[in-house]
Amino acid sequence: MSDYNFAYLDEQTKRMIRRAILKGLAIPGYQVPFASREMPMPYGWGTGGVQVSAATLTPGDRFKVIDQGADDTTNAVSIRRFFERTAGVATTTRTGEATVIQTRHRIPEERLSEDQILVYQVPIPEPLRFLEPRESETRKMHALEEYGLMHVKLYEDISRHGHIATSYAYPVKVEERYVMDPSPIPKFDNPKLDSPAIQLFGAGREQRIYALPPYTRAVSLDFEDHPFDPSKAPHACGLCGAADSYLDEVITDDAGGRMFVCSDTDYCETRRAAGHRGDMAGEDAA
Amino acid sequence: MTPLLSVRDVTKRYGARIGCAGVSFDLYPGEVMGVVGESGSGKTTLLNCLAGQLAPDTGEVIFDTRADGPRDTLTMSEPERRMLGRTDWAFVHQHARDGLRMGVSAGGNVGERLMAVGARHYGDIRTQAVDWLGRVEIAADRVDDRPTAFSGGMQQRLQIARNLVIGPRLVFMDEPTGGLDVSVQARLLDLLRGLVRDMGLSAIVVTHDLAVVRLLAHRLMVMKDGDVVETGLTDQVLDDPQHGYTQLLVSSVLQV
């Protein structure tokens, strides 16, 4: 037992955050302001996601943290330990076993189920920010559904690169109403936003929470003659051989050697445990 | 004939000071109205009130909308007014950088209006953008350049293209030739005159340059200290000014 209140935050704060979450779920894609608290970690490390997780966790939950798909990087390890210590909840790296998953920049490859909650860490919740810097104006644009500007960005991409070069934080329109930034997930993950799980987005520095209820339609914006393309590297995973997962490029030496591996470590490990082998998997790799 | 824009007794005060007082006029389709006066005479205040960018203290601004006929734009809901601002109205700013997105290419600037009203076909948007750049005499190979790479005159022409691409019915112009050198001014005026005639636009042109209104405007309104001191046909007012201030204004024009 620790000296912290369950999950670090005090009960009033959690109640306030839960109200914001409920409002967000009631208006999918709408950015609900909330009084973000100072957390014992710097902004940019997932303070928004941590607060949403803290308000969501119950003692019976099993918690998983993903950082860019991986369970074993600094961010994932530190947040997992934070909740082990302050909430005493069970943790796991298995996607299927977790009830609450906090993620940074990826959606797990394994399809989520109805009894799971996916919490995103969001650096900049406002999809229109870099086009229209005035917050008063972007709020008005959301309120009045003036989203022409979002397409200007895609237009600029095509005119400069010949195709829509936005490859992460690809804007989606939620249930024909709000345009939403799905946090910096690769656009490969955008089709997975239509999920049976509850998806909550927390931006700590910007003090916004928004949400996608289960089975909510989130359509990636595009042009009729340049349709949305959830692209990925044209390779199979070097370790597990999966051809359908999102891949990281790993430089292996200074002579141009490189390999592509699943960014979702749990997915890769599960496949290797089931006997799948990629081209570059040595006998000791598994 | 219904006037396109009918202004009744528009007054705007800044505290104790008067911006513009009791302005009334009718603007008919295809007509260009010039508003002249010295700096601080309330020209721009009036224009901003008419274009829905400032709320006047009293008065009515009745616009003949496509869907519902004459409506007071001041009592309209904000979404409706902003919709008008994107479709039937256009606003040409004095400084092009106020009216352009400087970080977006010329094609994107022209296309923004189209996308704002629902165009979602890249090829079509681009074709129209290139077409409009041609109409304002900007070469098609500059379509992907940013306005920062354009000269002042080109920026102003780009702003005009961006405003006219959606086929507005009423254009508000705030000193459209201000800050341009005379030869560029002449070309721009020539271009504007052609566009206004070809598209049958109505326009309200605010300027302190009498040559501009002589070329563009059918009717003229002279303002001083927030009041309209004289109105009439442009040539009539300029050739036979009645009010003392108008006489002063006309006689102040430098002759070359």
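Structure notes:
- Take every pair of alpha-carbon atoms less than 8 Å apart whose residues are at least six positions apart; their mean separation over the length of chain B yields a relative contact order of 26 percent.
- Local electrostatic count at B:P29 - Lys and Arg +1, Asp and Glu -1, tallied over other residues with Cβ under 10 Å: -1
- Count Lys and Arg as plus one, Asp and Glu as minus one, and take only other residues whose Cβ is under 12 Å from that of B:G179; the net charge is then -4.
- The GluC sites (Glu not before Pro) of the range A:103-156 that meet both conditions, a loop assignment by DSSP and at most 15 other Cβ atoms within 10 Å of the site Cβ, are A:E110, A:E114, A:E145.
- For trypsin sites (Lys or Arg not before Pro), the sites in the range B:1-104 that DSSP calls loop and that have at most 10 other Cβ atoms within 10 Å are B:R66.
- Accessible surface, per residue, of chain B when the full set of protein chains is kept, probe 1.4 Å, Å²: 43 Å²
- Eligible lysines near B:K224 by straight Cα distance, threshold 18 Å, same-chain separation 8 or greater: B:K12, B:K43
- When shorter helices are ignored and each DSSP H run of at least 4 residues is given -39500 (n - 2.57), the per-residue value for chain A at 222 nm works out to -7500 deg cm²/dmol.
- In a DSSP loop and with at most 12 other Cβ atoms within 10 Å, the GluC sites (Glu not before Pro) in the range A:195-286 are A:E224, A:E283.
- Other residues with beta-carbon under 12 Å from the beta-carbon of A:I209 carry, at +1 per Lys or Arg and -1 per Asp or Glu, a net charge of +3.
- Bridgeable lysines around A:K23 (alpha carbons under 20 Å apart, same-chain partners fewer than 8 residues away excluded): A:K14, A:K140, A:K173.
- About the Cα centre, charge dipole magnitude for the protein assembly as shown (Lys/Arg +1, Asp/Glu -1 at Cβ), debye: 760 debye
- Accessible surface buried at the A:B interface totals approximately 1900 Å², computed with a 1.4 Å probe on protein heavy atoms.
- Protein accessible area in the protein assembly as shown, 1.4 Å probe - carbon and sulfur %: 50 percent
- Of the DSSP H helices in chain B, those whose Cα atoms cover at least 15 Å axially and whose Kyte score averages -0.5 or more: B:106-116, B:182-199
- Along chain A, the longest continuous region that contains none of the chymotrypsin sites (Phe, Trp or Tyr not before Pro) in a DSSP loop with at most 16 other C-beta atoms within 10 Å is A:44-129.
- In this Cβ point-charge picture (+1 for Lys and Arg, -1 for Asp and Glu), chain B has a dipole of about 660 debye about its Cα centre.
- Built amide H within the under 5 Å cut-off of B:R13, gap 5+: B:G19, B:D57
The values are calculated or read from the model by the stated rules, or taken from the named source; none is laboratory data. It should be emphasised that the depicted structure is a prediction, and the values quoted were computed from it without experimental measurement. Every residue, glycine as well, gets a Cβ built from its backbone with ideal geometry; the counts of neighbours run over all protein chains shown. With ligands, DNA and RNA removed, areas are computed over all heavy atoms of the protein, side chains included. Shrake-Rupley method; radii C 1.70, N 1.55, O 1.52, S 1.80 Å.
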